Amino acid sequence: MTADLSVYLVTDAALCGERGVVETVRLAVAGGVRVVQLRDKRASDPETVAQLVALSEAIDGRALLVVNDRLDAAVEARRRGARVDGVHLGQADASVLRARELLGPDALIGLTANTAEHLAAVRALPAGTVDYLGVGVIRPTATKPDHPEPLGVHGFAAFAARSPLPCVAIGGVGLDDTETLRDAGAAGIAVVSALCAAADPRATAAAFRRRWLARRTPHVLSIAGSDPSGGAGIQADLKAIAANGGYGMAALTALTAQNTQGVRAVHVPPAPFLRAQLDAVADDIRIDGVKIGMLADVAVIHAVAAWLDARRPPIVVLDPVMVATSGDRLLPPEAERELRGLMTRATVVTPNLAELAVLAGRAVTDWADALAAAEELAAATGAAVLVKGGHLPGDESPDALVDAAGGRTEFPGSRIPTGSTHGTGCSLSSALATRLARGEEPAAAVRAARAWLRESLRAADRLHVGHGCGPIHHLAGMWERGGVDTRPAPGEVAEAWWADTAPLRADIDDLPFIRALADGTLDRDAFVFYLAQDALYLREYARVLAEAARLAPTSAEQEFWAESARGAIAGELELHASWLSPGEGVSGATFAADAAPATTAYLDHLRSVAFGGDYAELVAAVLPCFWLYTDLGRRLHAGDFGGAPRDPAHPYASWLETYADPAFERATAQAIDHVTTAAARADAGRRERMRRAFLASSAHELAFFAAPLAAVEGRESPVPV
Ligand SMILES: Nc1ncnc2c1ncn2[C@@H]1O[C@H](COP(=O)(O)OP(=O)(O)OP(=O)(O)O)[C@@H](O)[C@H]1O
Ligand SMILES: Cc1ncc(CO)c(N)n1
Ligand SMILES: [Mg+2]
């Protein structure tokens, strides 16, 4: 069989010391050892059998277990239920032919070899008798006192080049030899003292594994369904693997007929054909990581489980897909139980909240439940659980990684405002598999995969794919860094931002203040309160506009914002002065009024953005005061709210006129142009900060309009600031 022989531990009871062989092996396997060879020349056969049983339990299928020399002990331990994958035999040990006969075609059988005669003998054996050669020693070593003349790295390379079988380098191998031997053609490095005598075998094994994987493109296989619309399934997986630095491969479990709106049909090819795909890949290509997605039915799950058991890929990320983003089932309920069986074979499982509830068999209603359920599931299956908070209500989308020992890392993150989340789960699990296959530590791998996912989510709406829940932009970061111009046109930014304010604008339209302003029934005190606050606001707004002028990159923009500042302080206050005139007896109130909470909150927001010194963000923050007023003024003036604003008897007629002023409309068009041009030029991160500043100001506009009536009626404003 083909196996991952990369980091191969040979035990030495004396070197393991008080920690013992079993605990040393457990730690080393947790760190990334792929093959464990029990080697104890002095142990009796019954002792060896007992050791194999204990080791098989400790390894629990996460690495291959072979025994040195003792074929009979291997057979007996298997009889007692231990999982013993094979034997390693020396030239003087029991015949490899007999081992193959007793252990079967799937066993891992190794043979020590280091001379031309040994190679000739191997060539004479029937094909499939021996799987690999143990070749050494590389350097003089105390762990094999009777060792032959050391080969050195060059001797090893020459031998491996002539060998028809994979060669594992053994004898005096240390951490610093890892890449050298790998590049000399080793299929793996066998380590004795560097691991058995290590103070922390887990960390040392992880270091070997990292060094082994360093500077080498990981080969990642997706076992998943097809989504012809390209956003989820293997199509998403291949893009995610490529974007995260891996070579992607895909074996299809199912074909779906789906698009961004839903799944129309599913076709599941026979399970043996899936097995044929998997074997075709594994027989030829080193597999560094596997991602498992849609499994379609019980037969497929069983086929994947059997293949995993036969091949033992080093990294398995299982995304327990049950329901598509669209709500369509991708796994029948009776197969859900079977998924739990697969979990024990996974490195990491990545359920969303609903899947976690099913797998853990308990209700998951909030994030605390999710963390508790993830802990139970990880402890029960031995797989780490990455629980995803994409479906949590609210503004946060956190994930958390919980390992089988109960260790937990949380990854906080704000929700990215987009409807394009088709295939996020597929993409995240593939990115994670790729990074783990490259040897990244689990928490670091999750962090990097999430950073990539978030970058791809932020750019998602720019793809304009489909009419439903669109895909993420898998290659957004690559395109941006590679100089592909993917920036939006200013008009596209304007359209998107305007759409984002739709709920706020609807709320403004529904305010009793606006309704009463339109039909002239607005309480006069409320109107005066509003004007006084507006006057306070405009005085500071003018300073903020002046700051925009100071930061402006072009003289045209400098002139525009300076002129707007002048307009704010002069024109608007002049208007207000005519309303709050001495005859009305309230003019002193203009500057004398205290700022209401809504006013202070809005100004604090504007000043903090101005203080940040980013021109683009600042002009985005000042835009709603132009845009929302122009829109509202135009519609008030047109009588869209009922009432008769052009009626000279309307008490607020002249106020309403100002905002429908064509000069103000032109200024607003200019402001939109300057701001969206700056947004279109900005990189994705700054563009998002601009959008947030724009939306925050829009929300303050709503609160500002809601405040007056509440204030004069002595109640709390319905829109908190
Ligand atoms: N709007 C969003 N903003 C930021 N992150 C998000 C958003 N939506 C989902 N995510 C992230 O995307 C990843 C997938 O999470 P989710 O809970 O949506 O999984 P899923 O339901 O399995 O996805 P899928 O629908 O593709 O199967 C997680 O890292 C989650 O935090
Ligand atoms: C093929 C496939 N796999 C997974 C998902 C989950 O989003 C999907 N929609 N389609
Ligand atoms: Mg999912």
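Rule-based calculations on the coordinates, nothing more; no lab input. Everything numeric in this text was worked out from a predicted model, so none of it was measured. Cβ placement follows ideal geometry from the backbone for every residue including glycine, while neighbour counts extend to all protein chains displayed.
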Starting from 0.36 nm per residue, how many nanometres of slack lie between Asp106 and Ala203 once their C-alpha separation is accounted for? 31.8 nm
At 0.36 nm per residue, minus the direct Cα-Cα distance, what do Glu179 and Asp60 gain on full extension? Give it in nm, one decimal, please. 40.0 nm
Listed highest first by mean packing, meaning other Cβ atoms within 10 Å per residue, what order do 316-327, 389-400 come in? 316-327, 389-400
Applied in sequence order to the range 209-221, the curve 6.51 cos²θ - 1.76 cosθ + 1.60 (Karplus, θ = phi - 60°) yields integer Hz couplings, x standing for Gly and Pro, of 4, 4, 5, 4, 8, 4, 6, 8, 5, x, 9, 10, 9
From the Cα gyration tensor of the range 13-67, with a ≥ b ≥ c the square roots of its eigenvalues, which class applies: rounded if a/c is under 1.5, or else prolate if a/b is larger than b/c, or else oblate? oblate
Helix-only [θ] at 222 nm, the chain, -39500 (n - 2.57) per DSSP H run of 4+, per residue, nearest 500, equals -16000 deg cm²/dmol
Anchor Lys388: lysines whose Cα lies under 18 Å away (excluding residues fewer than 8 positions away in-chain): Lys291
Part-to-part distance (alpha-carbon centres) for the range 436-455 and the range 649-721, which is given in Å: 40
What are the ³J(HN,Hα) values, in whole Hz, obtained from phi via the Karplus relation 6.51 cos²θ - 1.76 cosθ + 1.60 with θ = phi - 60°, for each residue of the range 405-416 in sequence order, with x given for Gly and Pro? 7, x, x, 9, 10, 9, 10, x, x, 6, 6, 8
Straight-line reach check, Lys41, cutoff 17 Å on alpha carbons, 8 or more apart in-chain or any other chain, hits among aspartates and glutamates -> Asp12, Asp69, Asp72, Asp93, Asp146
Measure of size requested: the Rg and Dmax of the range 280-396, with Cα atoms as the atom set and Å as the unit; please supply both. 14.6, 48
What share of all Cα pairs of the range 607-706, in percent, falls into each consecutive 10 Å distance bin? 15, 38, 29, 14, 4, 0
Relative to the compact globular guide of 2.2 N^0.38 Å, what is the alpha carbon radius of gyration of the range 1-106, as a ratio? 0.99
Can you give the local net charge around Arg83? Use residues other than it whose beta-carbon is closer than 10 angstrom to its beta-carbon, Lys and Arg +1, Asp and Glu -1. -3
DSSP loop (so not H, G, I, E, B), at most 12 other Cβ within 10 Å: list which trypsin sites (Lys or Arg not before Pro) in the range 124-228 pass both filters. Arg215
Taking amide H atoms as placed 1.01 Å from N in the peptide plane, list the residues 5 or more away in sequence, or in a different chain, whose amide H sits under 5 Å from that of Leu108. Gly86, Val87
For the range 179-293: rounded, prolate or oblate by the Cα gyration tensor [a/c cutoff 1.5]: prolate
Classify the range 149-226: rounded, prolate or oblate, from the alpha-carbon gyration tensor (a ≥ b ≥ c, eigenvalue square roots; a/c under 1.5 rounded; otherwise prolate if a/b is larger than b/c)? oblate
The range 435-561: spread of alpha-carbon positions along the three principal axes, whole Å, largest first, is 70, 40, 31
Taking the Cα centre of the chain as origin, sum charge times position over the Cβ atoms of Lys and Arg (+1) and Asp and Glu (-1), and report the length of that vector in debye to the nearest 20. 2560
Rh_Kirkwood(the range 343-484) over Cα pairs, Å, one decimal, evaluates to 15.6
Quick check on the chain: of the DSSP beta bridges with both residues there, what percent are antiparallel, nearest 5%? 25
Write down the Å³ per residue value for the convex hull defined by the alpha carbon atoms of the range 650-721. 87
Low-density loop positions, GluC sites (Glu not before Pro), the range 25-132 - DSSP coil, at most 11 other Cβ in 10 Å: none
Could you give me the percent of Cα pairs per 10 Å distance bin for the chain, shortest bin first, beginning at zero and ending with the bin that holds the maximum distance? 3, 13, 19, 17, 14, 11, 9, 7, 5, 3, 1, 0
5 angstrom amide H check on Val349, placed H, neighbours 5+ away: Leu318, Ala384, Val385, Leu386
At Asp640 and Arg415, where each label point lies 7 Å from the Cα along Cα→Cβ, what is the point-to-point distance in nanometres? 2.7
Given backbone amide H placed at 1.01 Å from N, residues whose amide H is under 5 Å from that of Gln37, ignoring those fewer than 5 places away on the same chain, are Leu9, Val10, Thr11, Val66
Sequence order, the range 27-40: Karplus ³J(HN,Hα) from phi using 6.51 cos²θ - 1.76 cosθ + 1.60, θ = phi - 60°, Hz rounded, Gly and Pro as x, gives 5, 5, 5, 4, x, x, 5, 9, 9, 10, 10, 7, 10, 8
Which trypsin sites (Lys or Arg not before Pro) in the range 5-61 pass both tests, a DSSP loop state and at most 11 other beta-carbon atoms within 10 Å? Lys41, Arg42
Write down the Kirkwood hydrodynamic radius of the range 597-641, to one decimal in angstroms, obtained as one divided by the mean of 1/r over all alpha carbon pairs. 11.9
